[in-house]
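The values are calculated or read from the model by the stated rules, or taken from the named source; none is laboratory data. Computed from a prediction, not measured in an experiment: that's the story for all the values here. Because the Cβ atoms are built from the backbone with ideal geometry, glycine has one as well, and the counts that use them run over all protein chains shown. Quick note on the areas: whole protein, heavy atoms, side chains included, nothing else; ligands and nucleic acids left out. Shrake-Rupley method; radii C 1.70, N 1.55, O 1.52, S 1.80 Å.
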Amino acid sequence: MTRILINSIKTRLDDDESAAIFHAKRYLSKNNIKVADFDFSIYKKSIDARDKNNILFVYSVLAESNQNIYVKPIPHVKVLDYEDLNIEYGDAQLTNRPLVVGMGPAGMFCALLLAENGYRPIIIDRGDCVADRTCALEQFILTGKLDTESNVQFGAGGAGTFSDGKLTTRINDVRCDYVLSRFVEFGAPIEILTKSKPHIGTDVLTCVVDNILNKIEELGGTVIYRCRMDDISVKSDSVTIHTTKGDFSTSSLVLALGHSARDTYRMLLSHNFVIEPKPFSIGVRVEHLQDDINVALYGKYAGHPKLSVGEYNLSDTNGKRGVYTFCMCPGGEVVPATSQEFGVCVNGMSKFARDGKNANCAVNVSVDTKDYGNDPYKAIEFQENLERQAYKAGGGDYYAPIQLMGDFLEDKVTATPSRIMPTYANGNRVTVTNLNNILPNFVSIRLQEGFRIFDKRL
Ligand SMILES: Cc1cc2nc3c(=O)[nH]c(=O)nc-3n(C[C@H](O)[C@H](O)[C@H](O)COP(=O)(O)OP(=O)(O)OC[C@H]3O[C@@H](n4cnc5c(N)ncnc54)[C@H](O)[C@@H]3O)c2cc1C
């Protein structure tokens, strides 16, 4: 079998995908490679809008053949190795069913593979199934009544369920394609296999999560919601977890707890489990009008039916602490993402259509372990303190503190939003304040520098 990628195939805005395949075939023919031996398909597609008068699509085209064909080295052509996940299967008998704590992407995929290999896992989560979790979030947005067990962080699908559903990663791993193809199998649109920036959207993602969990049950697994692990006892050959729905013992336990289960991490630390502090980032969400971003990126072609809504990715280090944009959500909204009482933090979310009026984007500054004392307890305290201060600055009841960009840059508060209206809790639960007073100084200074640089680049 031979698989090759023909990269950097450029087509005009009005061309369709067949033009990319035509150019790829022509390029191979010119280099004396027999195209009749191959089947062609689109592998990846992206937009090159650097010249706004001549926006192009850039493709990687995949050519596959059942035969082993020697392909001489030529520019833009890459021969793909046979890629295998290299899973090593053991043969030891399990004395009990394996137990997975957490139904985020890590826990769900783990339980899915265990179920598919006949192990009938039990998977638990402190939060609800997707439908009940959605109701809990809607209630929170409407009334400010937080369910600390079922929210944007906790419940089926984990932290990313109410998100943009972006499937981008900076790692280059054979398992990325595997994960994407599994998403398609469970209901994600097939275009995620070829888009350079694949995106599912919360509305589609929630169905995908349900389908994966249903499959685990179909294969003999057990899915238990509203079941929080509160304590753990470890023996030499088994481990028992104590949960809000009773005790479970097993010889194989997977903890896929995600980022936000601070109570659980504290419990594990109290039992001397090794948890390493790591660097992370903090910052703010910025909202724009999506139309402004489209014009900034596409010029006169803004709104062209063949162009996806504009998104950007910006960073600056310049020998200093990193400041960078993260998780831009075109046509999305800002959601309350706290899971702890009396704390405010936010995240971006969008639906598959990405057709909201605003775009939003996290702009983050790197926090090193030494910024908080290089200790996991202190890392948790650092984040909690910040969230509490944001809560206080919002005036309570989970109102989010907000500020106009110009005011943030000048460290003052002069006005309330009028042109770009905030989307957090439908714009109803926000308080205008000076965000510089909440953020650590090293963060607000780097954010201000970053905003000025990014503004010029955009
Ligand atoms: C709000 C948000 C939005 C994001 N959006 C995106 C995005 O658009 N694209 C992207 O690529 N990445 C996104 N990310 C990052 C991505 O969600 C995470 O990388 C991913 O969710 C991590 O998966 P995980 O399975 O390790 O943990 P999580 O998804 O956090 O899942 C952990 C699960 O464990 C459960 N749990 C924790 N403690 C216990 C306990 N004691 N007992 C029982 N259950 C417990 C929680 O309820 C949770 O469901 C987002 C992250 C956040 C926080």
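Full extension of the chain between LEU458 and ASP81 gives 131.9 nm of extra length, using 0.36 nm per residue less the Cα-Cα distance.
Based on protein heavy atoms only, region 359-432 ends up with 49 Å² per residue of surface accessible to a 1.4 Å probe. Rolling a 1.4 Å probe across all protein chains gives VAL286 an accessible area of roughly 20 Å².
Restricting to the chain, what percent of DSSP beta bridges are antiparallel, rounded to 5?
Numbers: 53 of 66 bridges.
Of those bridges, close to 80 percent are antiparallel.
Here region 235-278 exposes an accessible surface that is 52 percent carbon and sulfur, computed with a 1.4 Å probe and the other protein chains kept in place. For region 361-448, the share of accessible area belonging to carbon and sulfur comes to 48 percent (1.4 Å probe, ligands and nucleic acids excluded). Pairs of alpha-carbon atoms within less than 8 angstrom and 6+ residues apart define the contacts here; what relative contact order does region 89-201 have, in percent? Normalised by residue count, the contact order of region 89-201 is 21 percent.
Determine the share of region 1-102's accessible area contributed by carbon and sulfur atoms, expressed in whole percent, with a 1.4 angstrom probe.
Values: 3050 of 6570 Å².
Of the solvent-accessible surface of region 1-102, carbon and sulfur hold 46 percent.
For region 412-455, the equivalent ellipsoid built from the Cα gyration tensor has semi-axes of 22, 14, 10 Å, listed from largest to smallest.
Based on protein heavy atoms only, region 121-182 ends up with 42 Å² per residue of surface accessible to a 1.4 Å probe.
ASN437 to LYS370: FRET efficiency via 1/(1 + (r/R0)^6), r the Cβ-Cβ distance, R0 25 Å, to the nearest 0.05? Write out the running numbers ahead of the final one.
On the way: r = 24 Å, r/R0 = 0.95.
With R0 = 25 Å, the Cβ-Cβ based efficiency is 0.55.
Suppose R0 equals 30 Å; then what is the FRET efficiency for GLU185 and ALA19 from their Cβ-Cβ distance, rounded to the nearest 0.05?
Between GLU185 and ALA19 the formula returns 0.50.
Pairs to check: LYS44/LYS351; LYS44/LYS78; LYS10/LYS197; LYS52/LYS456; LYS166/LYS306; LYS195/LYS456. Give those whose C-alpha atoms are more than 24 Å from each other in this structure. Pairs exceeding the cut-off: LYS195/LYS456.
With a cut-off of 8 Å between alpha carbons and a minimum separation of six or more residues, what is the relative contact order of the chain in percent? Don't skip to the end; give the middle numbers.
Details: 878 pairs, mean separation 62.3, N = 458.
Worked out over the chain, it gives 14 percent.
Which GluC sites (Glu not before Pro) in region 340-409 pass both tests, a DSSP loop state and at most 12 other beta-carbon atoms within 10 Å? Write down the numbers at each step before the final one.
Numbers: sites: GLU341, GLU381, GLU384, GLU387; in loops: GLU341.
Filter output for region 340-409: GLU341.
On average, how much accessible surface per residue is there in region 262-329, in Å², for a 1.4 Å probe, leaving out ligands, DNA and RNA? Mind dumping the intermediate values first?
Numbers: 3580 Å² over 68 residues.
Ligands and nucleic acids excluded, the result is 53 Å² per residue.
Which longest uninterrupted range of the chain lacks any chymotrypsin sites (Phe, Trp or Tyr not before Pro) assigned by DSSP to a loop state (not H, G, I, E or B) and surrounded by at most 10 other Cβ atoms within 10 Å? Before the final figure, lay out each step's value.
Values: sites that count: TYR70, TYR82, TYR89.
Longest site-free region, per DSSP loop and neighbour criteria: 90-458.
The GluC sites (Glu not before Pro) of region 29-88 that meet both conditions, a loop assignment by DSSP and at most 16 other Cβ atoms within 10 Å of the site Cβ, are GLU83, GLU88.
Taking DSSP loops as anything outside H, G, I, E and B, show the longest stretch in the chain free of trypsin sites (Lys or Arg not before Pro) there with at most 16 other beta carbons within 10 Å.
Numbers: sites that count: LYS34, ARG50, LYS52, LYS145, ARG170, LYS235, LYS245, LYS306, LYS320, LYS357, LYS412, ARG419.
Counting at most 16 other Cβ atoms within 10 Å as exposed, the longest clean stretch of the chain is 53-144.
Cα-based Rg of the chain per 2.2 N^0.38 Å, rounded to two decimals? So the chain has a normalised radius of gyration of 1.08.
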